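So that we are looking at the same thing, I have put the structure below in structure tokens.
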Amino acid sequence: MIRPKYYIIIVDICLAYLSLVGAYLLRFGHILLPESLFSWGFFKVLCYLFIVVFSSYLFELFDRQKFVSRKFLLYRVSSAGLGSFFLLSAIFYLFPVLQLGRGLLLISLVLFCCAQLGVRFLIRKFSHSVQFSTRILIIGAGELAKCIAEVVPKDQNVHSFVRFVSCTERMPEVDPALIVGSIDDIDSLIHDYRPQKLVVALNERRGNLPLKEFMRSKLRGIEIVEATTYFEQEKGCLLIENMQPSAFVYTQGFRMTPFMRGYKRIYDIVFSVIGLVIAAPLFPILTILIKLDTPGPVFYKQLRVGENEVEYFVYKFRTMGQDAEKQTGAVWAQKDDPRVTRIGQFLRKTRLDEIPQLYNVLKGDMSFIGPRPERMAFVEKLKETIPFYSIRHFVKPGVTGWAQVCYPYGASDEDALEKMRYDLFYIKNYSVLLDFRIIIDTIRVVLTGFGGR
């Protein structure tokens, strides 16, 4: 099933193109169509569409759950429009051949922002109708069912509901007032509540599931999904506490072929070289700032656990005082950590301290995208408490990754468990498209400072 945000993205692409057409009409009185798919005119249009949609993504304008107020929408849409203007202006300055023409950029962006704002207001208005409600029946009333209910997206629609169907005589873990009946009455419950989705949240299913009723419901258009699958779809991570070893063997994911490793290594080299060239002018500036801030080396190296649990030295700009862990040993970094220097706080917030890791990527110790590398002292401890923790070491660690862009900086064993969910999701669903999305999200994280510590 296609998520609503993808429909919104498609609508925005159409609006962006129509805004460009409208700008040509207002400016020149005619429509200028690209001569062919390989003409500069076509590349100009593609560049324009990509930038405006990219800016909308950065400002989270595709998340329907965040259309909570008119002020919020007005601020986000105008910010995305300004972001598009400055990005396109920079591209036109660097590549004059892509310029759209005098006045076209401003007119098209104004038209697009107005149309975009109108579409969001319409979505807010009609999202309260019954057609856009979220109606879910969770089969089960135990701990797993409670966990699933917590990840269902919050919906302000008065017609939306999440209800539970009890399957055993055990004391429920969920609110008893939300239990609408037992599994024996599932056929009538489906008829009365008309759910769009049934989520099966049972640890023990043998003899508890009415398969015939489920089959009839599915043929009537009701989506039936298993709890761990629903959790993965909504959260973008895995519910590893309820996963069996067989899930790693029989699923289509968790498979890194030599071909996949090969092209991943190719773009690792390309991205690391490009990144080091772009960042080269920053090295002398950051060197001076670090030296002026506190005494000690500019760079520091530390042993981290890499692919196949082989240790390697990771390189970063120094963000802590010299010998910061001499008394404490290996400890998690905390919020407002007193060991972090003044310039170190800035480097961590902007992720500039990670730049030297591109050298690790070039060497082959790391990948551009992958799980965050940890120290052996933490790894040995986490392997004892987190299921399947060693699986994250079947791929190279990364400078950025799915966990880094989806979850704040981890500073405890509990945070390590949460990030492990995202790491396994990445390993299971690895693809070039997922890597591209992580790169885009990394840009958003760097610009907003999300998760820095």
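The values are calculated or read from the model by the stated rules, or taken from the named source; none is laboratory data. In this text, all values refer to a predicted model and were calculated from it rather than measured experimentally. Cβ atoms come from the backbone with ideal geometry, glycine included; neighbour counts cover every protein chain shown.
From the set of residues in segment 81-137 that are assigned to a loop (DSSP other than H, G, I, E, B) and hydrophobic (A, V, I, L, M, F, W, C), which is modelled with the lowest pLDDT? Break it down into steps so the answer makes sense when it comes.
Residues of segment 81-137 assigned to a loop (DSSP other than H, G, I, E, B): 95, 99-103, 127-129, 133-134.
Next cut, hydrophobic (A, V, I, L, M, F, W, C) only: 95, 100.
Values: F95: 83, L100: 77.
Per the stated criteria, the residue is L100.
Another question about this same structure. Just to be sure before I move on: is A177 in contact with a helix residue (DSSP H, G or I) (Cβ under 9 Å, 6 or more places away or on another chain) and either outside any helix (DSSP H, G or I) or modelled with pLDDT of 90 or more (or both) in the structure I sent? Steps first, please.
Values: in contact with a helix residue (DSSP H, G or I) (Cβ under 9 Å, 6 or more places away or on another chain): no; either outside any helix (DSSP H, G or I) or modelled with pLDDT of 90 or more (or both): yes.
Answer is no for this residue.
Something else: Applying the selection to segment 395-434, what residues are at pLDDT below 90 and more than 15 Å from the chain's Cα centre (by Cα)?
G410, A411, S412, D413, E414, D415, A416, L417
Could you please give the count of residues in segment 346-374 that are more than 23 Å from C406 (Cβ to Cβ) and either modelled with pLDDT under 90 or assigned to a loop (DSSP other than H, G, I, E, B) (or both)? Even if it seems obvious, please write down each step before you answer.
Restricting attention to segment 346-374, the residues satisfying the condition of being more than 23 Å from C406 (Cβ to Cβ) are 346, 356, 359, 362-365.
If we keep only those that are either modelled with pLDDT under 90 or assigned to a loop (DSSP other than H, G, I, E, B) (or both) too, we end up with 346, 356, 364-365.
Qualifying residue count for the region: 4.
Does segment 277-319 hold any residues that are touching a residue at least 24 places away in the same chain (Cβ under 8 Å), under 13 Å from D353 (Cα atoms) and either charged (D, E, K, R) or in contact with a Phe, Trp or Tyr (Cβ under 8 Å, 6 or more places away or on another chain) (or both), and which are they?
Scanning segment 277-319 gives L286, I290, F299, Y315, K316, F317, R318.
Hey, can you tell me all the residues within segment 80-110 that are under 18 Å from R444 (Cα atoms) and crowded, with 16+ Cβ neighbours inside 10 Å?
A80, G81, G83, S84, F85, L87, L88
Still on this structure: Taking segment 248-263, which residues are out of contact with any helix residue (DSSP H, G or I) (no Cβ under 8 Å at 6 or more places or on another chain) and surrounded by 10 or more Cβ atoms within 10 Å (Cβ to Cβ)? Can you show your working first?
Our first condition is that a residue be out of contact with any helix residue (DSSP H, G or I) (no Cβ under 8 Å at 6 or more places or on another chain); within segment 248-263, this holds for 249-250, 252, 255, 257-262.
R255, M260, R261 - these are the residues of segment 248-263 that are out of contact with any helix residue (DSSP H, G or I) (no Cβ under 8 Å at 6 or more places or on another chain) and surrounded by 10 or more Cβ atoms within 10 Å (Cβ to Cβ).
Now for a separate question. Which residues, taken from segment 415-439, are in contact (Cβ under 8 Å) with a residue 24 or more places away in the chain and either in contact with a Pro (Cβ under 6 Å, 6 or more places away or on another chain) or small (G, A, S) (or both)?
Hits for segment 415-439 are A416, D423.
Going through segment 118-175 one residue at a time, which ones are touching a residue at least 12 places away in the same chain (Cβ under 8 Å), within 20 Å of P210 (Cβ to Cβ) and exposed (fewer than 14 other Cβ atoms within 10 Å of the Cβ)?
Residue satisfying the conditions is R170 alone.
Output the number of residues of segment 389-429 satisfying the condition of being closer than 20 Å to R444 by Cβ and not in a loop (DSSP other than H, G, I, E, B).
14
Can you find even one residue in segment 230-245 that is part of a helix (DSSP H, G or I) and more than 22 Å from the chain's Cα centre (by Cα)?
Kept after step one, since they are part of a helix (DSSP H, G or I), are these residues of segment 230-245: 230-235, 240-242, 245.
Imposing the further condition that a residue be more than 22 Å from the chain's Cα centre (by Cα) reduces the set to 242, 245.
Yes - at least one qualifying residue is present in segment 230-245.
Shifting gears a bit: Being modelled with pLDDT of 80 or more and in the same structural domain as G398 (by TED's automatic domain parsing), is that true of even one residue in segment 330-338?
So in segment 330-338, the residues modelled with pLDDT of 80 or more come out as none.
Scanning segment 330-338 turns up no residue that is modelled with pLDDT of 80 or more and in the same structural domain as G398 (by TED's automatic domain parsing).
Could I ask something else about it? Could you look through segment 204-229, keep only residues that are in a loop (DSSP other than H, G, I, E, B) and small (G, A, S), and pick out the one that is nearest to A403 (Cα to Cα)?
Within segment 204-229, the first condition is being in a loop (DSSP other than H, G, I, E, B), and the residues that meet it are 204-210, 220-222.
Checking the rest, the ones that are also small (G, A, S) come to 207, 221.
Values: G207: 38, G221: 34 Å.
It comes out as G221.
Quick check on segment 25-44: of everything there that is at pLDDT below 85 and under 23 Å from L82 (Cα atoms), which residue is farthest from the chain's Cα centre (by Cα)? Give the steps one after another, and end with the answer.
First, pick out the residues of segment 25-44 that are at pLDDT below 85: 27-44.
With the extra rule that they be under 23 Å from L82 (Cα atoms), the set shrinks to 27, 43-44.
Working: R27: 39, F43: 28, K44: 29 Å.
Out of the qualifying residues, it is R27.
S412: exposed (fewer than 15 other Cβ atoms within 10 Å of the Cβ), of a type in the set (S, T, N, Q), under 22 Å from K316 (Cβ atoms) and in contact (Cβ under 8 Å) with a residue 12 or more places away in the chain, yes or no? Write out each step before concluding.
On the way: exposed (fewer than 15 other Cβ atoms within 10 Å of the Cβ): yes; of a type in the set (S, T, N, Q): yes; under 22 Å from K316 (Cβ atoms): yes; in contact (Cβ under 8 Å) with a residue 12 or more places away in the chain: yes.
In short, yes.
Six or more apart or on different chains, Cβ under 6 Å: which pairs go from a residue in segment 351-365 that's free of Cβ contacts under 8 Å to residues at least 60 places away in the same chain to one that's in a loop (DSSP other than H, G, I, E, B)? Could you list them?
Filtered contacts from segment 351-365: D353/T319; N360/M366; D365/G306.
So, one more: For segment 148-155, does any single residue satisfy the condition of being in the same structural domain as P195 (by TED's automatic domain parsing) and farther than 30 Å from R70 by Cα?
Of all residues in segment 148-155, those in the same structural domain as P195 (by TED's automatic domain parsing) come to 148-155.
If we keep only those that are farther than 30 Å from R70 by Cα as well, we get 148.
The answer is yes; a qualifying residue exists.
Within segment 391-409, how many residues turn out to be out of contact with any helix residue (DSSP H, G or I) (no Cβ under 7 Å at 6 or more places or on another chain) and either among the small types (G, A, S) or without any contact (Cβ under 8 Å) to a residue 24 or more places away in the chain (or both)?
Adding up the residues that qualify gives 1.
When segment 214-246 is examined, which residues are found to be buried (at least 17 other Cβ atoms within 10 Å of the Cβ) and acidic (D, E)?
Listed by number, the list holds a single entry, E232.
Cβ-Cβ below 6 Å, separation at least six or inter-chain, first residue in segment 69-83 and under 13 Å from V52 (Cβ atoms), second among the aromatic types (F, W, Y): which pairs?
S79/F59; A80/F59
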